[in-house]
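S.K.: What follows is a single structure, and I will ask about it in a moment.
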Amino acid sequence: MSLFSDGLVSNIGDLKAYESSVLDTAANERIDLTRKSEIAQKELGVELAGFLTRHLCTASLNQVVVTDALRQWHALHTLTLFYRDAYSSQLNDRYHRRLQEYERLAKAASDRVFESGIGIVFRPVKRAVIPTLRVVSGAAAEGAYYIRVTWVDGSGTEGAPSEAASMALLPGQTLEVTTREAPADVAAWIVYAGLDPDRTQRQTETPLPLHSTWTLPDTLGPGPGPGDGQQANYTVLRSRVLRRG
């Protein structure tokens, strides 16, 4: 799973799943949805940190694992903030009804998050940043390639995959891939490549040393796809801690 500190917990697609017209409404009302998502994340962070403190858990927010329930809460809270802003600007009855509905749904979602528990990892590995691509001479097949990378710590724990970087190649070309500066606890990186951003496959049998360069081969390897990051080492519930493994 990705970590709470890896970026926005939910995305525009998650918001549109609840409110298909949200982009049109945001444009009409001149409301910055990304900013609302950022504010929602900060407010969720305050709630999560307070919960951990009350339960005598010393973990920080960068150790919190993003679950489906947490993603749902963030999306619904973002829509609550969005319609609160829209209603305060227009005093529109339809916006008020949407605000009340999303307040109710967000409250129910937050209850589910705390009932199911907050997942915590011992050693967080950040989501890798998008890799750097450079076209060089080579013999890769012509076409558009998508590259994602993950960071790996010294114990072999792999973080969540980066967004895909893409580059179209002509005959006689290939790609050189490097990862950008990584946090101090990152020891290596892994490359995933493909012709579809949603179907990249692992290309490095073992993790690569930092500051190394990976070159796209003539034929892509048939490795597995990237995972979605770290699994929780333990879960903090409202009344107790359940350890795994």
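The values are calculated or read from the model by the stated rules, or taken from the named source; none is laboratory data. Computed from a predicted structure; not experimentally measured. Methodologically, a virtual Cβ is constructed for each residue, glycine included, from the backbone with ideal geometry; neighbour enumeration extends over all protein chains shown.
S.K.: Tell me the residue from Ala59, Ala27 that is in the same structural domain as His77 (by TED's automatic domain parsing) and closer than 30 Å to Ser88 by Cβ, please.
M.R.: Ala27
S.K.: If you don't mind, there's one more thing I want to ask. Checking Ser10 against (1) under 12 Å from the mean Cα position of the chain (by Cα); (2) not in a loop (DSSP other than H, G, I, E, B), only one condition comes out false. Which one?
M.R.: (2)
S.K.: Something else: From Leu8, Leu76, Leu70, Leu44, which residue is at pLDDT 95 or above, surrounded by fewer than 21 Cβ atoms within 10 Å (Cβ to Cβ), outside the structural domain of Glu158 (by TED's automatic domain parsing) and not acidic (Asp, Glu)?
M.R.: Answer to the selection: Leu8.
S.K.: Exactly one of these conditions fails for Ala106: (1) over 30 Å from Arg202 (Cβ atoms); (2) surrounded by fewer than 20 Cβ atoms within 10 Å (Cβ to Cβ); (3) without any contact (Cβ under 8 Å) to a residue 40 or more places away in the chain. Give me its number.
M.R.: All conditions pass for Ala106, except number (2).
S.K.: Of the residues Thr53, Thr78, Thr25, Thr34, which is β-branched (Val, Ile, Thr) and either in contact with a Phe, Trp or Tyr (Cβ under 6 Å, 6 or more places away or on another chain) or within 25 Å of Leu237 (Cβ to Cβ) (or both)?
M.R.: That would be Thr53, the only listed residue that is β-branched (Val, Ile, Thr) and either in contact with a Phe, Trp or Tyr (Cβ under 6 Å, 6 or more places away or on another chain) or within 25 Å of Leu237 (Cβ to Cβ) (or both).
S.K.: Answer yes or no: is there a residue in segment 87-94 that is out of contact with any strand residue (DSSP E or B) (no Cβ under 7 Å at 6 or more places or on another chain), modelled with pLDDT of 95 or more and not in a loop (DSSP other than H, G, I, E, B).
M.R.: No: zero hits.
S.K.: Looking at segment 60-111, which of its residues are more than 17 Å from the chain's Cα centre (by Cα) and of a type in the set (Asp, Glu)?
M.R.: Within segment 60-111, Asp85, Asp93, Glu101, Glu103, Asp111 meet the criteria.
S.K.: Given the structure, is Thr34 surrounded by 22 or more Cβ atoms within 10 Å (Cβ to Cβ) and assigned to a helix (DSSP H, G or I)?
M.R.: Spelling it out, it is not the case that Thr34 is surrounded by 22 or more Cβ atoms within 10 Å (Cβ to Cβ) and assigned to a helix (DSSP H, G or I).
S.K.: Continuing with this model, one more query. Return the only residue of Arg134, Arg112 being at pLDDT 95 or above and touching an Asp or Glu at 6+ places or on another chain (Cβ under 8 Å).
M.R.: Exactly one residue qualifies, and that residue is Arg134.
S.K.: Any residue at all in segment 138-151 that's among the basic types (Lys, Arg) and in contact with a Pro (Cβ under 6 Å, 6 or more places away or on another chain)?
M.R.: yes
S.K.: Further question: Taking interchain pairs and intrachain pairs at least six residues apart, which have beta carbon atoms under 8 angstrom, with the first residue in segment 216-237 and within 15 Å of Val191 (Cα to Cα) and the second among the acidic types (Asp, Glu) and surrounded by 14 or more Cβ atoms within 10 Å (Cβ to Cβ)?
M.R.: Here the result reads Leu216/Glu176; Gly227/Glu158; Gly229/Asp6; Gly229/Glu158, each pair linking segment 216-237 to a residue that is among the acidic types (Asp, Glu) and surrounded by 14 or more Cβ atoms within 10 Å (Cβ to Cβ).
S.K.: Can you tell me which residue within segment 219-245, out of those that are touching a Phe, Trp or Tyr at 6+ places or on another chain (Cβ under 6 Å) and either at pLDDT 90 or above or acidic (Asp, Glu) (or both), is surrounded by the most Cβ atoms within 10 Å (Cβ to Cβ)?
M.R.: In this case the residue turns out to be Pro226.
S.K.: To continue, here is another question. Return the only residue of Thr178, Thr213, Thr204 being touching a Ser or Thr at 6+ places or on another chain (Cβ under 6 Å), β-branched (Val, Ile, Thr) and over 25 Å from Ser5 (Cβ atoms).
M.R.: Exactly one of Thr178, Thr213, Thr204 is touching a Ser or Thr at 6+ places or on another chain (Cβ under 6 Å), β-branched (Val, Ile, Thr) and over 25 Å from Ser5 (Cβ atoms), namely Thr213.
S.K.: A further question follows. With the requirement that a residue be among the hydroxyl-bearing types (Ser, Thr, Tyr) and more than 20 Å from Val22 (Cβ to Cβ), what does segment 59-95 give you?
M.R.: Passing the criteria: Ser60, Thr67.
S.K.: Which one of these is in a loop (DSSP other than H, G, I, E, B), in contact with a Gly (Cβ under 9 Å, 6 or more places away or on another chain) and modelled with pLDDT of 95 or more: Ala160, Ala193, Ala188?
M.R.: Ala160
S.K.: Looking at the structure I just gave you, is Asp85 surrounded by fewer than 16 Cβ atoms within 10 Å (Cβ to Cβ), of a type in the set (D, E, K, R) and more than 30 Å from Val177 (Cβ to Cβ)?
M.R.: no
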